[in-house]
């Protein structure tokens, strides 16, 4: 499979602070790849290096087939970037923002007009195109930035915390747009986030990053299976003592009766185990009232790997920023 | 190539045009300054002995063309602040990540700001024509050309300084400490004939002095610098101004290429 992003041993130091400490990964064409990690883990630094805005201290990054240090211009032509902080011109209209972007990327005339109409309609901002961006809401701005990043039909789209600071409803909307980007245009997408559900929902593969290092990489299924079992709860009409001994399925790690006619089964993969469990119970003519299961979340994975919650590390972001500033002043 | 220059020029002008309150503020400022400073001194310095001092001009005719130049200077130098706003509001990243060469986008930006500074100068000059009948409208096109060359130079200087700075306050501080002495030394408000030697030397270092003298020459026919230094002809002044502006533009392009986000 063709690789759109190849990163090998990438390192970025700010003075004595190592923001990125030797990361390596590949992103295949058409894939949605996510960097999941707490603030200050090195996600934005990585995106800035891949988008040619920062030079790496050492290591290699190939984006769209070009080295980001040797041929930044060719990389820039092939990527679209939505930054974490807004980067629109507030005093211009939505249309003008896109127009300037298009001209900077070498589009013009009728082709540019058509593209602007297409991307604005894609993010449902066509009717607001003549409004000055200052009057846009947070969600509208983010959509406009996505539209702008897509205007020159880049092969690869970088999204740095695409739903940061948006309300839950708007967040779901942005997710829809991102998913349809992949479906309709086959764009390769690299995104960073510190929201578990965003990584789980959107990404084909996720790299968990902490303190500038990738500590786990895989599909979210693979990551979650790292910490073992799902738990399936089955509520029965009546429970006799040996119900557990009647169920034999692959990957069963334990079965016990808990309160209220319910049995809890530890299985490797709930989605495969549930049909088997049900068919066993059916064979013994035990009536099933309710089935539910709990899966480990990516947060459980993060806790398993680092021993702390992703949310509790907000402070470290400030810490790094402060250390960076100090390092620069020297 | 022209494409990238053009689009940034377009953006700067569009932004200028959209900020109607800023334009209104500019006009009011100009009117107040001309009325109270210009007319005040014009009435004070009436009489034949002053005509000799101003080489046959009255004070208003002496002041107005120079004000055209200094107002372009101030507006264009201040234009660099938009680079800092763009840093703060993030638009700079959009420009930096685009495949368009940075040197060209910054050149386009300098041209755009130069055009808007000229607009500022022309508002000033329109008031000037209303106040004095001694200005020669035929000199206007060449005065505008001179203003443009100067504006490109000083916007570039503003951009070069702004590229290295983080806060608008710091930039304003620098602008204040540079524009004030340069405006006073340019010979715009008083002739340089009588000032001490060291001050004349400082004045000759500043390109604004040439721009002021050239604008005055083309709008009134009198060059005061030429009467002090006979070797300083119009041609030499124009060459000096052109060289400075091109150098400043080049420096701005080089400095902006190195700009990174952090």
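Quick note: the coordinates plus some simple rules give every number you see, no bench work behind them. Being a predicted model, the structure only gives us computed values, none of them experimental. All Cβ positions, glycine included, derive from the backbone under ideal geometry; neighbour counts span all protein chains shown.
By average Cβ neighbour count within 10 Å, what is the ranking of A:101-114, B:92-105, B:158-171 from highest down? Could the numbers behind the result be given before it?
Numbers: A:101-114: 16.4, B:92-105: 20.5, B:158-171: 18.7.
For the peptides A:101-114, B:92-105, B:158-171, the packing ranking is B:92-105, B:158-171, A:101-114.
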(request) Provide A:124, A:240 in ascending order of the number of other Cβ atoms located within 10 Å of each residue's Cβ, fewest first. (result) A:240, A:124
(message) Taking 35 Å as R0, compute the FRET efficiency from the Cβ-Cβ separation of residue B:50 and residue B:233 and round it to 0.05.
(response) 0.85
(message) What is the angle, in °, between the Cα long axis of helix B:20-33 and the longest principal axis of the Cα atoms in chain B? Nearest 10 is fine, range 0 to 90.
(response) 20 degrees
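Scaled to the compact-protein estimate 2.2 N^0.38 Å, what is the alpha-carbon radius of gyration of chain A, rounded to two decimal places?
On the way: Rg = 24.0 Å, N = 330, 2.2 N^0.38 = 19.9 Å.
Chain A yields a ratio of 1.20.
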(request) First check a/c for the range A:9-78, with a ≥ b ≥ c the square roots of the eigenvalues of its C-alpha gyration tensor; if it is under 1.5, answer rounded, and if not, answer prolate when a/b is larger than b/c or oblate otherwise. (result) oblate
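Going by the alpha-carbon gyration tensor, a ≥ b ≥ c the square roots of its eigenvalues, is chain B rounded (a/c under 1.5) or, if a/c is not under 1.5, prolate (a/b greater than b/c) versus oblate? Walk me through the numbers before you get to the answer.
Details: a/c = 2.08, a/b = 1.77, b/c = 1.18.
Judged from the Cα gyration tensor, chain B comes out prolate (a/c at least 1.5, a/b above b/c).
Just to be sure I understand: if I project the alpha-carbon convex hull of the range B:65-160 onto a plane and average over all orientations, what area do I get in nm²? Spell out each step's value before the answer.
Details: hull surface 25.6 nm².
Approximately 6.4 nm², given one-decimal rounding.
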(request) Report, as an integer, the average count of C-beta atoms from other chains found within 10 Å of each Cβ along A:75-84. (result) 3
(request) Using a 10 Å cut-off on Cβ atoms, rank the peptides B:1-9, B:21-29 from the highest mean neighbour count down. (result) B:1-9, B:21-29
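Based only on other Cβ atoms within 10 Å, what is the fewest-to-most ordering of A:267, A:132, B:212? Can you show the working numbers first?
Working: A:267 24, A:132 15, B:212 30.
Fewest-to-most ranking of A:267, A:132, B:212: A:132, A:267, B:212.
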(request) Can you pull the one-decimal nm distance between simple spin-label points at residue A:13 and residue A:309, each 7 Å off the Cα toward Cβ? (result) 3.6 nm
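With a cut-off of 8 Å between alpha carbons and a minimum separation of six or more residues, what is the relative contact order of the range B:34-190 in percent? If you can, show how the numbers build up before the last one.
Working: 137 pairs, mean separation 58.3, N = 157.
That works out to 37 percent.
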(request) Let me know the shape class of the range A:105-208, please: from the alpha-carbon gyration tensor, a ≥ b ≥ c as square roots of the eigenvalues, rounded when a/c is under 1.5, otherwise prolate if a/b is greater than b/c, or oblate. (result) oblate
(request) Kindly rank A:292-299, B:43-50, B:233-240 from highest to lowest mean number of other beta carbons found within 10 Å of each residue. (result) A:292-299, B:233-240, B:43-50
(message) Bin width 10 Å, origin at 0, all Cα-Cα pairs of the protein assembly as shown: what percent of pairs per bin?
(response) 3, 14, 20, 18, 14, 11, 8, 5, 3, 2, 1, 0, 0
(request) Pop a pseudo-label 7 angstrom from the Cα along the beta-carbon direction at both residue B:31 and residue A:282 and give the gap in nm to one decimal. (result) 8.8 nm
(message) Residue by residue through A:276-288, how many Cβ atoms from other chains fall within 10 Å of the Cβ on average?
(response) 0
(request) Could you work out how far helix A:314-329 tilts from the main Cα principal axis of chain A, as a 0 to 90 degree angle to the nearest 10? (result) 30 degrees
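Could you put B:81, A:156 in order, starting from the residue whose Cβ has the fewest other Cβ atoms within 10 Å? Display every interim value, and only then the final one.
On the way: B:81 19, A:156 22.
Final ranking by Cβ density, sparse to dense: B:81, A:156.
Can you give the average number of partner chain beta-carbon atoms within 10 Å of each beta-carbon in peptide B:14-24, as a whole number? Working shown, then result.
Values: counts 7, 5, 1, 1, 7, 1, 0, 0, 0, 0, 0.
So the per-residue partner count for this stretch is 2.
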(request) Can you tell me the 0 to 90 degree angle between the C-alpha axis of helix B:168-185 and the longest principal axis of chain B, rounded to 10? (result) 20 degrees
(message) Let me check against my output: what whole-number percent is the relative contact order of chain A, with C-alpha pairs under 8 Å and at least 6 apart?
(response) 21 percent
